[in-house]
Amino acid sequence: MNLHLILGYPLFALAVLDTFLAFLLLKNNPQNKNINKAVAIVCFTMAAYAVFVGIIYIQEWLGLNFDLFYKACWIGWIAIPPAAQCAYYIKDDKSHKAFVIGLILYTFWLIVYLLCFTTNWVETGVNSLIPFIPRYGIFERPIRLIGAAIIVWIFYKLFRTGKEVTGIKKIQINYLTLGLTIYGIGGFLPSGILQLLPSGILQLFGGFGFEPGLTVYYSLPFTLLTYYAITRYRLFDIQIIISNSLTILILTVVLGSINIALFKLLEPPLGSTWAILISLVVIITIFLRTPLRRTVQGGINDIFLGDKYNYQSMLRESTQAIVAILDQDELLNYLVHTIQQGFKIHKACLFLKHAEGPYCVRYHWGMDKTPVNLQLSEDDIIEWLKKTKQIFIKEEQQGLLSQEQFRRLYGKLDAIEAHLILPLFFKDNLIGFFTFGPKGDDHPYVQSDIDILQTLGGQAAIAIENARLYSEAITDSLTGLYHHKYFMMRLQEEMERAKRYQRGLSLLMLDIDHFKSINDVCGHLAGDKVLVGLANLIKKNGRGVDVVARYGGEEFAVILPDTNQEGALTMAKRLRERAESTAFDGNLKITVSIGVASLEPPLKKIEPEDLVAAADKALYQAKKNGRNRIETAESAEGGSC
């Protein structure tokens, strides 16, 4: 196919794409943003530019005069004013400077464009496109130099603005800068700078001069990146794109060089066919069976991603670890701290749904004030999460929703500075959600972060539900304490641990005095409230390592690891006194009797049932001696366990 057609026809498809992007920008602009309008003008201008350049190559191939269309190609320079405005609108969509600069630049370039058609001062046409033989108007080169200088100034402005803004705007500027770099270096700068050089020097570029219209091909990455940056909030991190691209490039160069070297080495003795087959087998083996790919990718990631690559790897590994954790408190602590450390998040909350009730804070991190009273119902963000099943990003939704809609959804969450809300779904049921504050590096949450969090969220929902089911299987439904069977299993474990390390171990058995009279006089509902209240009192006054269980009826058991008899008596005394001084269910007063049994080094062989029996006898002795008191197994039997 003729080179004219190869260069010309694809430009019409490019023009259609640019026009389509422009209409999308204008249509999807509910807040009537100026930056959308400016980028749409860039796209429309690039579409017209592509059409005119395509026409001139087709016209020359047909042998027709194309001077008029060649002059029309100067419309490409009219993309400079809206591009300059974008550098201001990205920071402030109502920027007055952007309006003034646009007015000046539009006036200048429209005058230049008009001069192209009415005089020969700027553009006189060309003698030939292929090979390129230009004719220059008297002002053409100075005007191209001015255009190149303005592009450099836009680069500088984007660089300055990038240092002044944070969050999503900073990432958007990175995309604009990357797109403009590709367009400027590959496109307008050559058409502005190279055209200033003597035509003899231009012949060095590929054997023929650089035809400025070909710069339109560089508009494709610019318009795509700009469109993506303006319309998308969950942006891909450019560092990741560059890192992956460089990895592919380096591997291609290395493996390609090895392939060529092997072919040249093997082709003389074996022939072309065998040389190609053997070299391909070697290349595939090197790629799949050696650490070359991982080494190159790891090195590039360390250079471009740094800690970001490490935390992404850590979070991926966490999705495997959380499934194995069955204790709910341990799981929630692990989840929040893993994400907090990975993203260096300052504030995080985990909301879980109460049975037939609202979503309440179950775990939090980094809060100045404990948000225990914050509850969310179906009328708040919950309805949005259930309907969309999507992550809620504050900065994204502020741009998509009206102020009233955003305030209704987000209002209560402002108190905890929730920048991102990650829903946790289990079998299509919203069991809870995480809220995360800003990242420690003040960067926004980009698409790579979202992907990792969604993966972690899916695994976390399953793990939380498994932990809940496990908790229900080992706990008493009324008090939330461990039931008898689990208590005996844990007692066996703690006794084996105490024997292995020769450490002390104690057991408390508590019984509510005259509990039957509470049920008879006040009712079983009041009795249940007393049981729940006492269970909470024991947990509140114990240590994290203590194991609290409902042994049966109104009797409770507390395993105290690494605790001798003296420490157990101190704990028992605290529980007895606080139970006596606490009013349950409004004004109900109770007392408790406590039996204490202890194992102290050197430990003798004893079964869990024997330790329970010793503590139970001490409890019986406390009851016998008048109740509301503490007895030890030693005092009950005349010896220690």
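The values are calculated or read from the model by the stated rules, or taken from the named source; none is laboratory data. Since the model is a prediction, treat every value here as computed from it, not as a measurement. Using ideal geometry, Cβ is built from the backbone for each residue, glycine included, and neighbour counts are taken over all protein chains shown. Just so you know, the surface numbers come from the protein's heavy atoms only, side chains and all, with ligands and any DNA or RNA stripped out. Shrake-Rupley method; radii C 1.70, N 1.55, O 1.52, S 1.80 Å.
Cα gyration tensor of segment 388-456, axes a ≥ b ≥ c as square roots of the eigenvalues: rounded (a/c below 1.5), prolate (a/b > b/c) or oblate? The shape class here is oblate. Against the chain, whose longest principal axis is taken from its Cα atoms, helix 307-321 shows a tilt of about 40°.
Considering only V547, Q459, A526, and ranking their Cα positions along the charge dipole of segment 444-556 that arises from unit charges at the beta-carbon of Lys, Arg, Asp and Glu, the one farthest toward the positive end is V547.
How big is the C-alpha Rg of the chain next to the rule-of-thumb value 2.2 N^0.38 Å, as a ratio?
On the way: Rg = 37.4 Å, N = 641, 2.2 N^0.38 = 25.6 Å.
Rg over 2.2 N^0.38 Å, computed on Cα atoms: 1.46.
On full extension, the segment bounded by L103 and L145 gains 13.1 nm, given 0.36 nm per residue less the C-alpha separation.
With +1 on each Lys and Arg Cβ and -1 on each Asp and Glu Cβ, how big is the dipole of the chain about its Cα centre, in debye rounded to the nearest 20?
Values: 62 positive and 59 negative charges, 240 e Å.
About 1160 debye.
Hey, if you put +1 on the Cβ of every Lys and Arg and -1 on every Asp and Glu Cβ in the chain, which of N28, Q297, S448 ends up farthest toward the positive end of that dipole? Of the candidates, N28 comes out farthest on the positive side. Using the Karplus relation 6.51 cos²θ - 1.76 cosθ + 1.60 with θ = phi - 60°, the per-residue 3J(HN,Hα) values for segment 103-108 come to 4, 5, 5, 4, 4, 4 Hz, with x marking Gly and Pro.
Let me know the shape class of segment 1-133, please: from the alpha-carbon gyration tensor, a ≥ b ≥ c as square roots of the eigenvalues, rounded when a/c is under 1.5, otherwise prolate if a/b is greater than b/c, or oblate. Here segment 1-133 falls in the oblate category.
Backbone geometry of segment 612-628 corresponds, through the Karplus equation with coefficients 6.51, -1.76 and 1.60 at θ = phi - 60°, to 3J(HN,Hα) couplings of 4, 4, 5, 5, 5, 5, 5, 5, 4, 5, 5, 5, 5, 8, x, 6, 6 Hz, x marking Gly and Pro.
With the charge dipole of segment 1-138 set up from +1 on Lys and Arg Cβ and -1 on Asp and Glu Cβ about the Cα centre, the Cα lying farthest toward the positive end among the listed residues G54, F12, V100 is that of V100. The angle separating the long axis of helix 238-270 from the principal Cα axis of greatest extent in the chain is about 70 degrees.
Near the amide H of T591, within less than 5 Å, lie the amide hydrogens of D513, all on another chain or at least 5 residues away, with H placed in the peptide plane. For the set I56, I6, I150, the ranking by accessible area, highest first and with no ligand, DNA or RNA atoms included, is I6, I150, I56 under a 1.4 Å probe. What the Kirkwood sum gives for segment 1-74 is a hydrodynamic radius of 13.2 Å, with every pair of different alpha carbons counted.
For the peptides 608-617, 123-132, residues were scored by their other Cβ atoms within 10 Å and the scores averaged per peptide; the highest-first order is 608-617, 123-132. Counting only aspartates and glutamates at least 8 places from K427 when in the same chain, those with an alpha carbon closer than 14 Å to its own are E465.
In plain terms, if you count all Cα to Cα distances in segment 401-496 and split them into 10 Å steps from zero, the share in each step is 13, 27, 28, 18, 12, 2, 0 percent. The phi torsions of segment 445-456, fed into the Karplus equation with coefficients 6.51, -1.76 and 1.60 and a -60° offset, translate into couplings of 7, 9, 4, 5, 5, 4, 4, 5, 5, 5, 4, 5 Hz, rounded to whole numbers, with Gly and Pro shown as x.
Roughly to the nearest percent, how much of the accessible area of the chain is carbon and sulfur, given a 1.4 Å probe?
On the way: 18560 of 31320 Å².
After summing per-atom areas, the C and S share lands at 59 percent.
Only lysine pairs 8 or more places apart or on separate chains count here, and in segment 492-604 those with Cα atoms under 29 Å apart total 19. Accessible surface comparison of H96, H354, probe 1.4 Å, protein chains only, largest first: the order is H96, H354.
Across Y445, Y217, Y482, the residue with the most accessible area heads the list, and the full order at a 1.4 Å probe is Y217, Y482, Y445.
From helices alone, the chain scores -19500 deg cm²/dmol at 222 nm; the rule is -39500 (n - 2.57) for each run of n ≥ 4 DSSP H residues, then divide by the residue total. Relative to the longest principal axis of the chain, what angle (0 to 90°, nearest 10) does the C-alpha long axis of helix 292-304 take? Taking Cα atoms only, the helix is inclined about 90 degrees. Amide hydrogen proximity for Y363: with H placed 1.01 Å from N in the peptide plane, the residues at 5 or more positions away or on another chain lying under 5 Å are L350.
For H419, the residues whose amide H sits under 5 Å from its own are F436, G437, ignoring neighbours fewer than 5 places away on the same chain, with H placed 1.01 Å from N.
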